[in-house]
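Please read the structure below before turning to the comments.
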Amino acid sequence: MAERPDTDELLIEEVAVDDEDASLGILAVATINRPDKLNALNQQVYSAIKQTCAWVESEDRVRLLIFRGAEPNPPPEGKRAKPKSFVAGADISEFLGKGSDDIRKSFANNAWEAIWNLSKPSIAMIDGFALGGGLEVALSCDIRISSVDSRFATPEINLGLIPGGGGTQRLARLVGYGKAIEMVMSGEMVGAEEAVALGLVNHVCQSSELEETTMKLARNIASKSAHTLKVAKQVVRSSLERPLNEGVALEAEAFAELFDSEDKEIGVKAFLEREKAVWKNR
Ligand code: COA
């Protein structure tokens, strides 16, 4: 069993999927907590994200993982408040003086792939800037829910760089080549309304409603059969990597195999008897 991370830079809250039924497990809410640096990702945060993913994967009680950014601290007297951020990117101060060998080492088995490779569902809850490596955290999640105040960009071009956490690939698959190449080459910000129109985020709502909207969808997903969710994620994911005919064949086989699962029998019976399904794989 992997340990739950214990660091101030990434705080984990466990929220019951259903307050009245502990057997439905928990949602893990991971808050990236460096508000004075707009939650920029430093080495401690990268390790904590990887450890969180290992813990989520190994802990049966955890049904779904949510990432969020910490809210800004109150400003010191006479200073302006820092802006709201999901994550404003990789910590740029860690780039200075580094060469390719350092980066190859630190980007191998990286945090973005750890999120992407989770077998369980993940949601990015975005309130504020989601830039560079922060946008890549969101892109590695299955679903993105954003406040109207949020802004999205791949500004690495302004540093003489390109995205390095899978951003070029996942962004192009999500929004299409045309918008992805524009974002990567210009570094310009996209607002939340445009992001939802592009398919970059799934839902946009007022900041005050963001938590409720996210939790509602998270609880809905987490109440399904854990086994069926894993199969669903694997099969939909394979559409990104395979030709259509292979993907359709893979789906047909996965669909057939689900007919041998206990949860299919439970789900079908519950529907016919007009009852709530009580999954074996909870
Ligand atoms: N890495 C390290 N520190 C960062 C950071 C990053 N990616 N993004 C913001 N910060 C720090 C700033 O250095 C500043 O620290 P300080 O108060 O100790 O000086 C603090 O966070 C607040 O940022 P600031 O730039 O003062 O806020 P702003 O409201 O003027 O601008 C942004 C907000 C998001 C437009 C601006 O911070 C920015 O462009 N950040 C970098 C985005 C980026 O290029 N990300 C990709 C990295 S690969």
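Kindly evaluate Ser146 against the criterion of being of a type in the set (Ser, Thr, Tyr), assigned by TED's automatic domain parsing to the domain that holds Gln169 and outside any loop (DSSP other than H, G, I, E, B).
Yes; evaluated as a whole, the condition is true for this residue.
I'd like to know if region 84-96 contains one or more residues that are away from the ligand (no atom under 13 Å from the Cβ) and either part of a helix (DSSP H, G or I) or not basic (Lys, Arg) (or both). It would help to see each step written out before you state the result.
As a first pass, look at region 84-96 and keep what is away from the ligand (no atom under 13 Å from the Cβ): none.
No: zero hits.
Quick check: is even one residue across region 235-247 surrounded by 14 or more Cβ atoms within 10 Å (Cβ to Cβ), over 30 Å from Glu71 (Cβ atoms), without any contact (Cβ under 8 Å) to a residue 24 or more places away in the chain and among the aliphatic types (A, V, I, L, M)?
Looking for residues that are surrounded by 14 or more Cβ atoms within 10 Å (Cβ to Cβ), over 30 Å from Glu71 (Cβ atoms), without any contact (Cβ under 8 Å) to a residue 24 or more places away in the chain and among the aliphatic types (A, V, I, L, M), one finds at least one in region 235-247, hence yes.
Restricting to region 142-179, name every residue that is β-branched (Val, Ile, Thr) and either within 14 Å of the ligand (Cβ to nearest atom) or touching a Lys or Arg at 6+ places or on another chain (Cβ under 6 Å) (or both). Give the steps one after another, and end with the answer.
To start, the set of residues in region 142-179 that are β-branched (Val, Ile, Thr) comprises 143, 145, 148, 154, 157, 162, 168, 175.
Hits for region 142-179 are Thr154, Ile157, Ile162, Thr168.
Tell me whether region 114-126 contains one or more residues that are over 20 Å from Gln234 (Cα atoms), of a type in the set (Val, Ile, Thr) and touching a residue at least 60 places away in the same chain (Cβ under 8 Å).
Looking through region 114-126, at least one residue is over 20 Å from Gln234 (Cα atoms), of a type in the set (Val, Ile, Thr) and touching a residue at least 60 places away in the same chain (Cβ under 8 Å).
Among the residues of region 104-130, which ones are among the aliphatic types (A, V, I, L, M) and open to solvent by less than 20 Å² (accessible area, probe 1.4 Å)?
If the condition is that a residue be among the aliphatic types (A, V, I, L, M) and open to solvent by less than 20 Å² (accessible area, probe 1.4 Å), then Ala111, Ile115, Leu118, Ile123, Ala124, Met125, Ile126, Ala130 are the ones that fit.
Would you mention how many residues in region 228-282 are assigned to a helix (DSSP H, G or I) and either touching a Ser or Thr at 6+ places or on another chain (Cβ under 7 Å) or not charged (D, E, K, R) (or both)? Before you say what the answer is, go through the steps one by one.
Of all residues in region 228-282, those assigned to a helix (DSSP H, G or I) come to 228-238, 244-258, 262-272.
Within this subset, residues satisfying the condition of being either touching a Ser or Thr at 6+ places or on another chain (Cβ under 7 Å) or not charged (D, E, K, R) (or both) are 228-236, 238, 244-245, 247-250, 252, 254-256, 258, 263, 266-268, 270-272.
Qualifying residue count, region 228-282: 28.
Among the candidates Glu212, Glu193, Glu188, which residue alone is part of a loop (DSSP other than H, G, I, E, B) and in the same structural domain as Ala70 (by TED's automatic domain parsing)?
On the way: Glu212 fails: part of a loop (DSSP other than H, G, I, E, B); Glu193 fails: part of a loop (DSSP other than H, G, I, E, B).
After ruling out the rest, the residue left standing is Glu188.
Could you list all residues from region 210-228 that are in contact (Cβ under 8 Å) with a residue 24 or more places away in the chain and closer than 28 Å to Ala192 by Cα? Let's see the steps before the verdict.
Here is the first cut: in region 210-228, the residues in contact (Cβ under 8 Å) with a residue 24 or more places away in the chain are 210-211, 213-215, 217-219, 221-228.
Leu210, Glu211, Thr213, Thr214, Met215, Leu217, Ala218, Arg219, Ile221, Ala222 - these are the residues of region 210-228 that are in contact (Cβ under 8 Å) with a residue 24 or more places away in the chain and closer than 28 Å to Ala192 by Cα.
Got a sec? Which of Lys120, Lys105, Lys216 is at pLDDT below 95 and more than 16 Å from the ligand (Cβ to nearest atom)? Outline the logic, then answer.
Values: Lys120 fails: at pLDDT below 95; Lys216 fails: at pLDDT below 95.
When all the criteria are applied, what remains is Lys105.
The values are calculated or read from the model by the stated rules, or taken from the named source; none is laboratory data. On a predicted model such as this, the values are computed, not experimentally measured, just so you know. Glycine also receives a Cβ, built like all others from the backbone with ideal geometry; neighbour counts cover every protein chain displayed. All accessible areas refer to the heavy atoms of the entire protein, side chains included, with ligands and DNA or RNA removed. Shrake-Rupley method; radii C 1.70, N 1.55, O 1.52, S 1.80 Å.
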